[in-house]
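Chemist: Below: one structure in C-alpha cells.
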Amino acid sequence: MDYNEKIQPLVKLVEQLKTSEIKSVIDSRMMEFEELGKKQSDEIFKELCFCFLTANFSAVGGIKIQKEIGNGFLHLSEDELAGKLSSSGHRFPNARAGFIVEARKYKDNIKNILNSFSNGREARPWLVNNVKGLGMKEASHFLRNIGYKDIAIIDFHIVDLLAREGLIEKPKTLSVKKYLETENLLEKISKKTGLNLGELDLYLWYKETGKVLK
C-alpha cells in the first residue's frame with residue numbers, strides 16, 4: 001500500500017499545528033522529557049510508575065496520583081501502595097501496586113540498563129520482556145517521557161485517528177506485529193512533517209484531546 005498520498009491530509013494538519021501556539025508548548029514538553037532522562041535512577045523509576053498507572057486508566061489521573069504519591073513509589077509496601085492507589089481512585093490498585101513493587105528490583109540501575117542500549121527501539125524489547133506489566137505502549141510511553149524520540153506511543157486515541165483517516169483498519173487488539181506496523185506508518189508521517197515520533201505523538205494527541213500532557 002502506497003501511503004504517500006493517503007497521509008497527506010494528516011501531514012497538512014500537523015503542519016498547520018506546527019505554526020500555531022501549541023508548538024511552543026510541545027517544544028517545552030519535549031525539553032522536560034530530555035531533562036528527566038538526565039536525572040538519577042530514582043526519578044526515572046518514578047516516571048516508570050506513572051506509565052504503569054496510565055495503562056487502562058488516564059494520563060490525567062496518572063499525573064494526579066503521581067504527584068500525590070511521589071517518593072512513596074520507592075518505598076511503600078505493596079499493601080500501602082495499593083491503599084493509596086485505591087483512595088486516589090485508580091481502577092486497578094492491587095495489580096498496579098504489584099507491578100510497581102516487583103519492578104523495584106530495577107529501581108537503582110534502570111538508568112544504566114537503558115544506557116546500555118543505543119536507542120529506544122533497542123531498549124523497548126528489554127522493558128517489555130523483563131518488566132512485568134509493561135506492554136509495547138507502556139514501554140514506549142516511558143521511554144518517550146525520559147527523552148527517547150524514536151518510538152511511537154500507540155493508544156486508542158492514535159488508533160482512532162488513523163482509522164478515521166483511512167490509514168489503518170481499527171484492530172480488535174494491538175499485537176506486537178500490528179503495533180510495529182502502525183509505528184512504521186507513523187514514522188512515514190514524522191518524516192514528512194520533519195518531526196520525531198515523540199513530537200508527532202504530542203501533536204496527534206493534542207488533535208484528538210485538545211491537551212498536551214505527557
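Chemist: Let a ≥ b ≥ c be the square roots of the eigenvalues of the Cα gyration tensor of region 157-212; is it rounded (a/c under 1.5), or, if not, prolate (a/b larger than b/c) or oblate? Walk me through the numbers before you get to the answer.
Modeler: Numbers: a/c = 1.80, a/b = 1.26, b/c = 1.43.
Taking the square roots of the gyration eigenvalues as a ≥ b ≥ c, region 157-212 is oblate.
Chemist: Express the carbon and sulfur contribution to the solvent-accessible surface of region 42-153 as a percent, rounded to the nearest whole number, probe 1.4 angstrom. Numbers along the way, then the final one.
Modeler: Working: 2170 of 4670 Å².
It is 47 percent, rounded to a whole number.
Chemist: Could you give the dipole magnitude of the chain about its Cα centre, charging the beta-carbon of Lys and Arg +1 and that of Asp and Glu -1, in debye to the nearest 20? Present the calculation step by step, with values, prior to reporting the outcome.
Modeler: Details: 34 positive and 30 negative charges, 32 e Å.
It comes to approximately 160 debye.
Chemist: Run through region 1-107 and list the GluC sites (Glu not before Pro) located in a DSSP loop whose Cβ has at most 14 other Cβ atoms within 10 Å. Mind dumping the intermediate values first?
Modeler: Numbers: sites: 5, 15, 21, 32, 34, 35, 43, 47, 68, 78, 80, 102; in loops: 5, 21.
In loop regions of region 1-107 (DSSP not H, G, I, E or B), the sparsely surrounded GluC sites (Glu not before Pro) are 5, 21.
Chemist: Only Lys, Arg, Asp and Glu count, each charged at its Cβ (+1, +1, -1, -1), so figure out the dipole size of region 106-214 about its Cα centre, rounded to 20 debye.
Modeler: On the way: 19 positive and 14 negative charges, 20 e Å.
The calculated dipole for region 106-214 is roughly 100 debye.
Chemist: If you take the beta carbon distance between residue 68 and residue 8 as r and set R0 to 41 Å, what does 1/(1 + (r/R0)^6) give as a FRET efficiency, to the nearest 0.05? Please report the intermediate quantities before stating the final value.
Modeler: On the way: r = 44 Å, r/R0 = 1.07.
Result of the calculation: an efficiency of 0.40.
Chemist: Take the Cα pairs of region 20-163, get the Kirkwood Rh, then feed it into Stokes-Einstein at 10 °C and 1.306 mPa s and tell me D in µm²/s.
Modeler: 102
Chemist: Let me ask you something else. Among all the aspartates and glutamates, which ones have a C-alpha under 15 Å from residue 38's C-alpha, if same-chain residues fewer than 8 places away are not counted?
Modeler: By straight Cα distance, residue 38 reaches 47, 108.
Chemist: Let me ask something else. Which of 172/211; 18/191; 23/172; 137/214; 105/178; 12/172 have a Cα-Cα distance over 24 Å? Intermediate results must be reported in sequence, preceding the final value.
Modeler: Numbers: 172/211 26 Å; 18/191 14 Å; 23/172 33 Å; 137/214 13 Å; 105/178 31 Å; 12/172 28 Å.
Flagged as over cut-off: 172/211; 23/172; 105/178; 12/172.
Chemist: What do you get for Rg/Rh of region 1-89 when both radii come from the Cα atoms and Rh is the Kirkwood radius? Intermediate values should be presented prior to the final figure.
Modeler: Details: Rg = 18.3 Å, Rh = 16.0 Å.
My calculation puts Rg/Rh at 1.15.
Chemist: So for region 98-214, considering every pair of alpha-carbon atoms, how many percent are separated by more than 25 Å? Numbers along the way, then the final one.
Modeler: Details: 1630 of 6786 pairs.
Tail fraction, whole percent: 24.
Chemist: Assign one of three labels to region 95-139, namely rounded, prolate or oblate, based on the Cα gyration tensor with a ≥ b ≥ c the square roots of its eigenvalues; rounded applies when a/c is under 1.5, prolate when it is not and a/b is larger than b/c, and oblate otherwise. Don't skip to the end; give the middle numbers.
Modeler: Values: a/c = 3.07, a/b = 1.39, b/c = 2.22.
Note, shape of region 95-139 comes out oblate.
Chemist: Let me ask something else. Among 81, 161, 60, whose Cα sits farthest toward the positive end of the charge dipole of the chain (+1 at Cβ of Lys/Arg, -1 at Cβ of Asp/Glu, about the Cα centre)?
Modeler: 161
Chemist: Something else now. Apply the Karplus parameterisation 6.51 cos²θ - 1.76 cosθ + 1.60, with θ equal to phi minus 60°, to every residue of region 24-29 and state each ³J(HN,Hα) to the nearest whole Hz, in sequence, with x for glycine and proline.
Modeler: Couplings: 5, 5, 5, 4, 5, 5 Hz.
Chemist: Heavy-atom accessible area of residue 64 with all protein chains present, probe 1.4 Å, nearest 10 Å²?
Modeler: Number for this one is 100 Å².
Chemist: Sticking with this structure for a sec: With every protein chain present, what accessible area does residue 86 have (1.4 Å probe, heavy atoms only), rounded to the nearest 10 Å²?
Modeler: Taking all protein chains as shown, residue 86 has close to 70 Å².
Chemist: Which GluC sites (Glu not before Pro) from region 158-214 combine a DSSP loop assignment with at most 15 other Cβ atoms within 10 Å?
Modeler: Working: sites: 165, 169, 181, 183, 187, 199, 208; in loops: 165, 169.
When the GluC sites (Glu not before Pro) of region 158-214 are filtered for loop state and at most 15 Cβ neighbours within 10 Å, 165, 169 remain.
Chemist: Next question, about the same structure. Calculate one ³J(HN,Hα) per residue across region 179-196 by plugging θ = phi - 60° into the Karplus curve 6.51 cos²θ - 1.76 cosθ + 1.60, and present them in order as whole Hz with x for glycine and proline.
Modeler: Working through the residues one at a time gives 4, 5, 4, 5, 4, 5, 5, 4, 5, 4, 5, 5, 5, 5, 9, x, 10, 7 Hz.
Chemist: I would also like to ask the following. Over the chain, what is the relative contact order in whole percent, taking alpha-carbon pairs under 8 Å and six or more residues apart?
Modeler: Values: 218 pairs, mean separation 58.0, N = 214.
For the chain, the relative contact order is 27 percent.
Chemist: Let me ask another. How many Å² of accessible area per residue for region 1-138, probe 1.4 Å?
Modeler: For region 1-138, the solvent-accessible area averages 52 Å² per residue.
The values are calculated or read from the model by the stated rules, or taken from the named source; none is laboratory data. Since the structure is predicted, the reported quantities are computational estimates derived from the model, not experimental observations. Positions of Cβ are backbone-derived with ideal geometry, glycine not excepted, and every protein chain shown enters the neighbour counts. Ligands, DNA and RNA are stripped out before the accessible areas are found, and what is left, the full protein with its side chains, is counted by its heavy atoms. Shrake-Rupley method; radii C 1.70, N 1.55, O 1.52, S 1.80 Å.
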